[in-house]
Amino acid sequence: MHSSISSTFPITNVGGGDGWRRMLTILLALAIVHALVVLFTGITNPVVDLHAFRQTQTALTAYTILKGGPWLAYETPVLGYPWSVPFEFPIYQLLCAALAWTGVPLDVAGRLVGFFFFLAVLLPLALLYKTAGFRRTTYLVTAILYLTSPLYLFWSRTFLVESCALFFSVSWLALTARYLATPNRYWLLSAIFCGSIATLAKSTTFPAFLLIGGILTVIRLWTCLRTESRARLLRMATLTTANLLLPLVVGIVWVRYSDHVKADNPYGQLLTSERLKDWIYGNTAMLKISSLLWIDTVRNRVLSDVLGYSVPVGLVALGATLTARRQLAAAGLALIGFVVPFLVFTNPHIVHNYYQYCNAIFLIAAVGFGLGQIYDSAQRVIALGLTAAIVVGQLLFFYERFAPYSTYDYSKEPLLRVSQFAHDHTAEDAALIVIGDSWSSGFPYYSQRRALVIPGWTKTPLLESILNDPQRFLGDAPLGGVVYCTQGLKNYNAHVPMITAFLEGRERLFESGGCEFLSPSRL
């Protein structure tokens with residue numbers, strides 16, 4: 001079996017262009033250097049900038065692993081005893097903990113590991129483009145736009161699992177394409193491995209890649225109907241189906257296990273895959289076709305986060321794919337990969353502006369195919385001008401929208417100051433009750449204390465039980481104090497009197513910016 005996946009995108013031979021490729025290679029190198037400068041600017045900052053809620057949750061998991069906690073039923077001690085409420089499999093967190101074990105500060109380790117995977121995506125991306133038969137110019141312009149995208153530049157330097165999941169997802173797609181082009185069990189086994197890791201690292205990142213890989217697989221099997229014997233076709237169909245399904249099976253097994261562990265925690269019972277289904281997928285079909293999604297989120301926020309001020313230029317470049325069947329087919333597939341996650345995981349994409357890390361690369365690829373077509377049609381000055389215009393627009397947007405978070409002085413942040421007080425004035429085995437901070441992991445992570453951070457959505461019977469006997473929800477960790485942030489009191493709605501009664505009579509030991517550290521017992 002020798003036919004190539006490039007048959008899906010027939011290769012057009014265009015001569016010349018070595019000088020232009022060298023120029024693009026230099027631009028790619030400069031983009032890498034610039035990305036590293038972005039990484040090391042503020043690399044020692046605490047992870048309390050954008051979406052500190054999710055960053056500190058990931059960091060807290062890595063911290064408990066670093067301190068010898070379990071790996072599978074790993075602890076994220078933010079919702080009381082028992083402390084395990086696992087979500088994704090902790091691949092990224094294990095790597096962060098391993099690096100921190102060598103002496104690197106954990107916040108820095110998280111940034112380094114995330115940025116490593118961000119840059120590493122360039123390797124499987126190169127394999128994918130080579131396998132599909134695209135010229136190097138197409139890969140180079142795509143890689144440059146990826147490295148200068150505001151979304152990727154910022155979120156790759158945060159303490160999040162996104163880049164890890166993206167790397168293994170792109171790797172799976174590249175290895176799948178390679179296997180379809182030149183069937184070999186090593187390509188297949190490598191693809192299954194990467195797909196499984198991708199699903200474990202973050203289950204919502206992989207499906208778009210699975211869809212594109214599934215389409216390529218169907219196309220390949222369709223061509224085999226005319227060229228291969230029934231026995232070889234059956235074998236090919238079996239192996240490719242295994243490649244598509246086994247990562248999903250691994251992911252399902254992990255979800256079932258993590259739900260089982262969560263069930264032991266009163267709050268964990270409310271955070272299982274079944275209980276979160278409506279929140280993740282969107283609880284109404286209308287949400288998926290709403291202006292909130294497509295206008296407010298995609299058009300007004302996502303496109304700029306990906307392409308900066310160069311969205312119109314990117315659309316012009318994308319239009320060039322209309323002149324060549326190969327680029328048009330590739331861009332069409334890429335746009336499917338970009339759009340589908342919004343339709344499936346609707347609510348997280350609306351709420352979280354880092355969630356597009358999983359699919360923005362498809363939009364960048366689509367624009368890259370357009371630029372590649374312009375290069376291939378010998379309009380290289382125009383192509384280089386469009387590439388430069390997009391990059392400039394991306395970087396201008398990045399430095400206006402995201403860069404200030406890297407240079408901001410966080411030393412006076414109330415969360416950090418109160419956490420430091422809690423760390424210095426409580427026993428190492430003590431636990432905290434936190435009120436008014438949703439269920440963020442910020443206070444437990446930076447105080448290095450286990451905690452029960454009481455969310456505003458806590459039901460009345462559970463809240464009454466906690467406030468009447470907090471020690472019952474802290475296991476054998478004695479209550480070391482109560483953290484109370486006044487601005488969050490309103491989130492408890494009808495439960496405000498109950499919360500206020502719990503706080504009355506406690507001595508205020510420290511205060512910063514509306515957050516207080518109160519004594520564990522009443523006076």
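Nothing in this text is a laboratory measurement; each read-out follows from the coordinates by a stated rule. Owing to the predicted nature of the structure, the values given are computational and were not obtained by experimental measurement. Virtual Cβ from ideal backbone geometry, glycine too; neighbours counted across all protein chains shown.
Here is how the numbers come out for the structure above:
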| quantity | calculated |
| --- | --- |
| For the chain, Kirkwood radius (reciprocal of mean inverse C-alpha pair distance, Å) | 24.7 Å |
| Around Leu292: net Lys/Arg minus Asp/Glu count, Cβ-Cβ under 14 Å | +2 |
| Spatial separation of Cα centroids for the stretch 356-425 and the stretch 283-302, in angstrom | 22 Å |
| Stretchable slack from Val104 to Arg232, in nm (0.36 nm times residue separation minus alpha-carbon distance) | 40.9 nm |
| Two-decimal Rg to Rh for the stretch 218-258 - Kirkwood Rh, Cα set | 1.23 |
| Exposure proxy order (Cβ contacts within 10 Å, fewest to most) of Thr321, Thr176, Thr223, Thr131 | Thr223, Thr131, Thr321, Thr176 |
| Computed label-point distance, nm, for sites Ser290 and Arg185 using a 7 Å Cα→Cβ extension | 5.1 nm |
| Three-way shape call for the stretch 229-319 based on the alpha-carbon gyration tensor, with the a/c threshold at 1.5 | oblate |
| Inter-probe distance in nm under a simple model that places probes 7 Å from Cα toward Cβ, at Leu123 and Arg275 | 4.0 nm |
| Shape call, the stretch 34-98: gyration tensor on alpha carbons, a/c limit 1.5 | prolate |
| Nearest-0.05 FRET efficiency for Arg325 and Leu239, computed from C-beta distance (R0 22 Å) | 0.15 |
| Charge dipole (the chain, unit charges on Cβ, about Cα centre) - positive-most of Gln55, Val255, Tyr484 | Val255 |
| Cα Rg over Rh - the stretch 424-523, Kirkwood | 0.92 |
| Cα-centred dipole magnitude for the chain, charges only on beta-carbon of K, R (+1) and D, E (-1), debye, nearest 20 | 2140 debye |
